[in-house]
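Each remark here refers to the structure printed beneath this line.
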Amino acid sequence: MKKNLLVMMLVFLLAILAACAPDRAEETTPDDAGEDGTEEVTEEAKPEKLVIWEDIDKSKDWLPAAIASFEEEHGIEVEFKELNMADKIRDQLRLDGPSGSAPDVVTLPHDQIGQVVIEGLIQEITVDETVLETYSESSVTAQMYDGKLYGLPKATETPVLIYNKELMEEAPKTMDELYAFSKDFTKGDNYGFLALWDNFYFAHGAIAGMGGYVFNEAAEGLDRDDIGLNNEGAVEGAAYIQQWYQEGLFPKGIIGESGGAAMDGLFNEGKVAAVMNGPWAFQGMRDAGIDIGIVPMPTLPNGEPVKTFMGVKGWHVTEFTKNPYWATKLIEHLSNDENSKARFVAVSEIPANVALVDDPIIADNEGAKAVAVQSQYAVPMPNIPEMAEVWGPMATALQTLATGKAQPQEALDEAVKSITTNIETNHPDK
């Protein structure tokens with residue numbers, strides 16, 4: 001009797017515990033999950049709609065089609081709005097985020113990532129390794145901050161060598177060849193090669209190619225306290241830059257804020273054989289009637305490539321979306337090979353997709369091919385907020401070199417001193 005009573009009490013107790021246990025939410029699987037169950041399981045229900053903010057005048061002839069294929073595959077409505085990417089998207093997100101009217105996906109230049117992450121405007125994303133393998137390593141690095149991924153790349157740009165085919169029959173393979181050509185060609189108002197090397201955006205190519213760097217790469221991202229702009233390689237690169245000015249191969253008129261317009265004017269007048277410039281300059285040169293050739297930058301005297309700065313535009317999931325899983329799926333879709341190729345055809349911005357480098361649509365386009373190849377040697381502009389403290393001191397240093405008012409080591413030491421002081425003053429919480 002005692003045994004039976006004990007068993008009955010245990011059964012009764014278990015029944016009570018089962019009745020009191022909390023209900024478990026049923027896990028849902030995306031509709032596009034594979035039969036083998038390898039697709040990521042998510043508890044996020046499908047939203048009725050996702051919203052994209054794209055750059056102004058960059059959606060025509062490709063984005064509606066990309067949206068339509070996403071809607072057909074996933075059954076989610078997508079709408080888009082165009083805003084100026086350089087400043088309007090970030091500024092508007094600051095306003096619309098707290099008010100609850102922010103989009104799910106935005107496009108941004110990669111050098112804004114650090115600041116918008118700190119402000120809590122975009123969120124870290126998780127994608128499969130096979131997705132990341134779609135893009136060049138440097139373009140993926142540009143989408144990272146503090147070792148975390150915050151977007152997927154959609155387009156890259158970096159300076160290349162542009163030459164006038166009437167003045168230069170064949171593009172040089174090395175900077176030594178270009179230097180020798182310039183020594184012979186530069187007379188009066190005619191110049192063999194020009195570059196805005198008093199501007200750190202362009203000068204970085206020679207400085208980094210010789211061994212300098214802005215912030216060293218650490219395990220968790222860029223180390224703001226490890227600045228390599230006055231090391232031995234940087235000084236060597238600065239001395240190489242100064243040489244072109246000292247020998248009169250660059251005119252004094254291309255120094256300073258008006259330098260870019262002056263250089264463009266000389267080239268478009270047919271007085272310059274070759275320039276270092278970016279893809280934004282191609283059409284203006286053609287409109288001026290110049291038959292241009294476009295190639296990657298020639299190698300430096302040390303045999304290394306010119307390590308130009310690279311800008312990467314990306315797709316990002318906002319911190320305010322209620323559907324981060326599906327927003328991430330959307331940016332994967334927008335930046336896949338098919339849609340990236342369509343975007344290039346529509347807006348002529350060079351994609352970061354490695355498979356497209358050899359695609360005829362890129363390979364047969366001289367400018368796109370040159371930018372794509374040069375991007376393999378390029379360095380993404382640092383995207384940490386401390387980079388804002390670099391531009392001014394480096395511009396001052398480079399202009400003193402160009403005008404012969406300082407020697408390389410002295411100028412760069414002073415620049416790094418200013419950069420360090422500005423970082424400690426304006427970014428004390430790091």
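The values are calculated or read from the model by the stated rules, or taken from the named source; none is laboratory data. Remember, predicted model here, so these are calculated numbers, not experimental data. Positions of Cβ are generated from backbone atoms using ideal geometry, with glycine treated the same way; all protein chains shown enter the neighbour counts. The area values use the complete protein model at the heavy-atom level, side chains included, leaving out ligands, DNA and RNA. Shrake-Rupley method; radii C 1.70, N 1.55, O 1.52, S 1.80 Å.
Just the residues that are farther than 30 Å from ASN268 by Cα, of a type in the set (Gly, Ala, Ser) and surrounded by 17 or more Cβ atoms within 10 Å (Cβ to Cβ), please, taken from region 179-221.
First, pick out the residues of region 179-221 that are farther than 30 Å from ASN268 by Cα: 210-221.
Narrowing further to those that are of a type in the set (Gly, Ala, Ser): 211-212, 218-219, 221.
The answer is GLY211, GLY212, GLY221.
Please pick out the residue among GLU257, GLU169 that is open to solvent by 20 Å² or more (accessible area, probe 1.4 Å), within 29 Å of GLU410 (Cβ to Cβ) and either modelled with pLDDT of 95 or more or not in a helix (DSSP H, G or I) (or both). Explain how you work it out, then say what you get.
Numbers: GLU169 fails: within 29 Å of GLU410 (Cβ to Cβ).
Criteria check complete, one pass: GLU257.
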> Within region 383-406, is there a residue that is among the polar types (S, T, N, Q), buried (at least 19 other Cβ atoms within 10 Å of the Cβ) and not in a helix (DSSP H, G or I)?
Replying inline: yes
> Since ALA45 meets every condition but one in (1) surrounded by fewer than 19 Cβ atoms within 10 Å (Cβ to Cβ); (2) modelled with pLDDT of 95 or more, which condition does it not meet?
Replying inline: (2)
> All but one of (1) outside any loop (DSSP other than H, G, I, E, B); (2) buried (at least 23 other Cβ atoms within 10 Å of the Cβ) hold for PHE250; which doesn't?
Replying inline: (1)
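I want to confirm something. Restricting to region 338-373 and keeping residues that are in contact with a Leu (Cβ under 7 Å, 6 or more places away or on another chain) and either within 17 Å of VAL140 (Cβ to Cβ) or of a type outside the set (Lys, Arg) (or both), which single residue is surrounded by the most Cβ atoms within 10 Å (Cβ to Cβ)? Can you show your working first?
Initially, region 338-373 is screened for residues in contact with a Leu (Cβ under 7 Å, 6 or more places away or on another chain), giving 340-341, 362.
Subsequent filtering for residues that are either within 17 Å of VAL140 (Cβ to Cβ) or of a type outside the set (Lys, Arg) (or both) retains 340, 362.
Values: SER340: 26, ILE362: 20.
Here the residue is SER340.
Would it be correct to say that LEU108 is at pLDDT 90 or above and open to solvent by 80 Å² or more (accessible area, probe 1.4 Å)?
On the way: at pLDDT 90 or above: yes; open to solvent by 80 Å² or more (accessible area, probe 1.4 Å): no.
So LEU108 fails the test.
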> Going through region 263-283 one residue at a time, which ones are surrounded by fewer than 17 Cβ atoms within 10 Å (Cβ to Cβ) and modelled with pLDDT of 95 or more?
Replying inline: GLY265, GLU269, GLY270, LYS271
> Does any residue of region 68-84 turn out to be at pLDDT 95 or above, surrounded by fewer than 14 Cβ atoms within 10 Å (Cβ to Cβ) and hydrophobic (A, V, I, L, M, F, W, C)?
Replying inline: yes
> With TYR201, TYR179, TYR191 as the choices, which residue is among the aromatic types (Phe, Trp, Tyr) and under 26 Å from the mean Cα position of the chain (by Cα)?
Replying inline: TYR201
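Would you confirm whether any residue within region 244-266 is among the small types (Gly, Ala, Ser), without any contact (Cβ under 8 Å) to a residue 24 or more places away in the chain and at positive phi? Please lay out each step first, then the result.
Step one: filter region 244-266 for residues among the small types (Gly, Ala, Ser), giving 248, 253, 256, 258-262, 265.
Filter once more, so that each one left must be without any contact (Cβ under 8 Å) to a residue 24 or more places away in the chain: 253, 258, 261-262, 265.
From the residues that got through so far, the ones that are at positive phi too are none.
No, because not a single residue in region 244-266 is among the small types (Gly, Ala, Ser), without any contact (Cβ under 8 Å) to a residue 24 or more places away in the chain and at positive phi.
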>> Let me spell it out: the conditions are (1) modelled with pLDDT under 95; (2) under 21 Å from GLY205 (Cα atoms); (3) surrounded by fewer than 16 Cβ atoms within 10 Å (Cβ to Cβ); (4) not acidic (Asp, Glu), and TYR377 meets all of them except one. Which number is the exception?
In response: (3)
> Can you pull out the residues in region 66-89 that are in a helix (DSSP H, G or I) and more than 24 Å from ASN336 (Cα to Cα)?
Replying inline: LYS88
>> Anything in region 99-155 that is assigned to a helix (DSSP H, G or I) and under 12 Å from THR318 (Cβ atoms)? List them, or say none.
In response: VAL116, VAL117
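For ASN231, are the conditions met, namely being over 24 Å from the mean Cα position of the chain (by Cα) and either touching a residue at least 40 places away in the same chain (Cβ under 8 Å) or buried (at least 24 other Cβ atoms within 10 Å of the Cβ) (or both)?
Values: over 24 Å from the mean Cα position of the chain (by Cα): yes; either touching a residue at least 40 places away in the same chain (Cβ under 8 Å) or buried (at least 24 other Cβ atoms within 10 Å of the Cβ) (or both): no.
So ASN231 does not fit the description; no.
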> If ARG224 satisfies every condition in (1) crowded, with 19+ Cβ neighbours inside 10 Å; (2) more than 25 Å from the chain's Cα centre (by Cα) but one, which is the exception?
Replying inline: (2)
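Can you find even one residue in region 69-84 that is closer than 15 Å to HIS333 by Cα and free of Cβ contacts under 8 Å to residues at least 24 places away in the same chain?
Here is the first cut: in region 69-84, the ones closer than 15 Å to HIS333 by Cα are 69-80.
From the residues that got through so far, the ones that are free of Cβ contacts under 8 Å to residues at least 24 places away in the same chain too are 71-72.
Looking through region 69-84, at least one residue is closer than 15 Å to HIS333 by Cα and free of Cβ contacts under 8 Å to residues at least 24 places away in the same chain.
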> Taking into account only those residues within region 114-159 that are touching a Gly at 6+ places or on another chain (Cβ under 7 Å) and within 19 Å of GLU389 (Cβ to Cβ), which is least open to solvent (accessible area, probe 1.4 Å)?
Replying inline: TYR145
